[in-house]
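To start, the structure under review is shown below, and the notes come after it.
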Amino acid sequence: MDHTGSAEPFSIEHASALDATDVLPDYRSDFHIPTLADLKRPTLARPPTEGLSRPCTYLCGNSLGLQPVRTGDLVNVFLTQWRTKAVTGHFVDHTDSPLPPFLDIDDHAAKLMAPVVGALEAEVAVMGTLTGNLHFLMSSFYRPSKKGEGRWKILLEGKAFPSDHYAVESQIIHHGLDPDEAMVLLEPSNPHRPILPTEQILKTIDEHASELALILLPGIQFYTGQYFDIQRITAHAHARGILIGWDLAHAVGNVDVKLHDWDVDFAAWCSYKYLNSGPGAMAGIFINEKYGKVDTEGSTPKFWPRLSGWWGDDKSTRFQMTNKFVPRPGAKGYQLSNPSALDLAAVVSSLQIFNETSMTNLRQKSLRLTAYLEQLLDSMALRRPGLFDIITPRSPTERGAQLSIRLAPGLLDNVLEHLEDEGVIIDERKPDVIRVAPAPLYNTFTDVFRFCQVLESALDKASKT
């Protein structure tokens, strides 16, 4: 219970009091928050005559995280390193640089990423992009038998993010199988409440267990914000001899995942949402340590099959160009091409902030922020009945930072226009859902209050047009 001295939650005084009692250090100042003038100006440059403008209310970190203040500094360090050292920047440490040599920057990023995803350092690699990495991972973990002969199907949700659906479909076709037969799709039993209960998922696994070669599910569902029970579903799949991987695009940096302890087989995620690394920034993978082992006894190394590239080769002999692939142990042996050091400088800048706190602490604040958002929305629903409902699970353990709000038919466009005019940035999914995600690193209870205040006026205006 929050002792804020205010009897009315729907007040700026109550929100300010909640901010004052926040035990998480103030990381908001570590991020650039666009102002209302920034958003409305047709230029990037700020005219000298432009006056002061208040910060926008940004609740869209589930789509694109804000830029850390330190990102510009680290990117400039990389540019200086490249400009002044050229090719020698790959190998030489510099006493005044916060970045390692280009050759080692991906390992540095993986070290910072590991605690964010609850993994051993060796189980993480920072590489590629999300969908590309899903393809690389499925090339290793989806090895179907022929149709009707053992395991050949993939289980995924019917409302999966389109890129995941396309990736799975194309992998099935690549193996000469028919997606209509090889894809087992999880569909909500109630279309009005599009949640997939854990019991339904487990039952579906049991029904198809003898034919499933792989399960691929989201840690958090992008549309509803549902947080799947990764630990329980993974254990259930393993008990039936099925490999399982997770798309954690909406989970990493949002919830306190424990990939190593939960014995996940593999996972992939992007870094531009809650990880705040910039549009399309380099992504990450997790490979369970048992699939990263390399046996070098004998004339031919033995290791879990994967698509191979020279950046996954033994680092000590990589530049000998022997064409005899001996993968690095762990997830790093799944890397292919040398990564962009420029890109990784941006990833590192955000991961530094995460390593100054912990996902446990961030999750605790996130639970409070989202609960306050839910409380205000429920209060508003009593005053404005029939205009919206929340489709995200109500149990805090079954959701992350995001609440998905389904508006009454015909309201979306007008509501979005009003929110935008007032400098409130959220995400929408047509025809009728807005997704609101208070990120604990930079969002406040005051942000949540202001959003609800503007949303209520937007609903009033839209419902009368």
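Here are the numbers:
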item: Percentage relative contact order, the stretch 246-352, counting C-alpha pairs under 8 Å, at least six apart; result: 25 percent
item: Euclidean distance of C-alpha centroids, the stretch 387-465 and the stretch 123-171, integer Å; result: 33 Å
item: Spatially proximal lysines relative to LYS315 (Cα-Cα < 22 Å; intrachain offsets below 8 disregarded); result: LYS85, LYS111, LYS290, LYS293, LYS302, LYS324, LYS332
item: Average accessible area per residue (Å²) across the stretch 1-155 - probe 1.4 Å, nucleic acids and ligands excluded; result: 52 Å²
item: Approximate spin-label separation SER97-ARG83, in nm, with each point projected 7 Å along Cα-to-Cβ; result: 1.4 nm
item: Accessible heavy-atom area order of SER189, SER53, SER366, highest first, probe of 1.4 Å; result: SER189, SER53, SER366
item: Cβ-based net charge around PHE78, under 15 Å, with every Lys or Arg adding one and every Asp or Glu removing one; result: -3
item: C-alpha long axis of helix 412-421 to longest principal axis of the chain, angle in °; result: 80 degrees
item: Between helix 162-174 and the chain: long-axis angle, C-alpha atoms, 0 to 90°, nearest 10; result: 20 degrees
item: Three-way shape call for the chain based on the alpha-carbon gyration tensor, with the a/c threshold at 1.5; result: oblate
item: Accessible area in square angstrom per residue, the stretch 256-382, 1.4 angstrom probe; result: 41 Å²
item: Peptides 297-303, 192-198, 333-339 ordered by average Cβ neighbours within 10 Å, highest first; result: 333-339, 192-198, 297-303
item: Accessible-area composition of the chain, carbon plus sulfur, in percent [1.4 Å probe]; result: 55 percent
item: Computed helical MRE - 222 nm, the chain, DSSP H runs ≥ 4 contributing -39500 (n - 2.57), nearest 500; result: -11000 deg cm²/dmol
item: Antiparallel content of DSSP bridges confined to the chain, in %, to 5; result: 55 percent
item: DSSP-assigned coil residues among trypsin sites (Lys or Arg not before Pro) in the stretch 94-173, each with at most 10 further Cβ atoms within 10 Å; result: LYS146
item: For the stretch 80-118 and the stretch 347-373, distance of Cα centres in Å; result: 25 Å
item: Descending Cα extents along the principal axes, the stretch 88-355, whole Å; result: 60, 45, 29
item: Counted charge near ASP178, where neighbours are those whose Cβ lies closer than 13 Å (Asp, Glu -1; Lys, Arg +1); result: 0
item: Inter-part distance where the stretch 214-245 and the stretch 22-36 are each reduced to a Cα centre, Å; result: 33 Å
item: Computed E for LYS464/LYS430 - FRET, C-beta separation, R0 25 angstrom, nearest 0.05; result: 0.70
item: Dipole in debye (nearest 20) - the chain, about Cα centre, beta carbon charges: Lys, Arg +1; Asp, Glu -1; result: 640 debye
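The values are calculated or read from the model by the stated rules, or taken from the named source; none is laboratory data. Just so it is clear, the model here is predicted, and its values are computed rather than measured. Every residue, glycine as well, gets a Cβ built from its backbone with ideal geometry; the counts of neighbours run over all protein chains shown. SASA here: full protein model, heavy atoms, side chains in, ligands and nucleic acids out. Shrake-Rupley method; radii C 1.70, N 1.55, O 1.52, S 1.80 Å.
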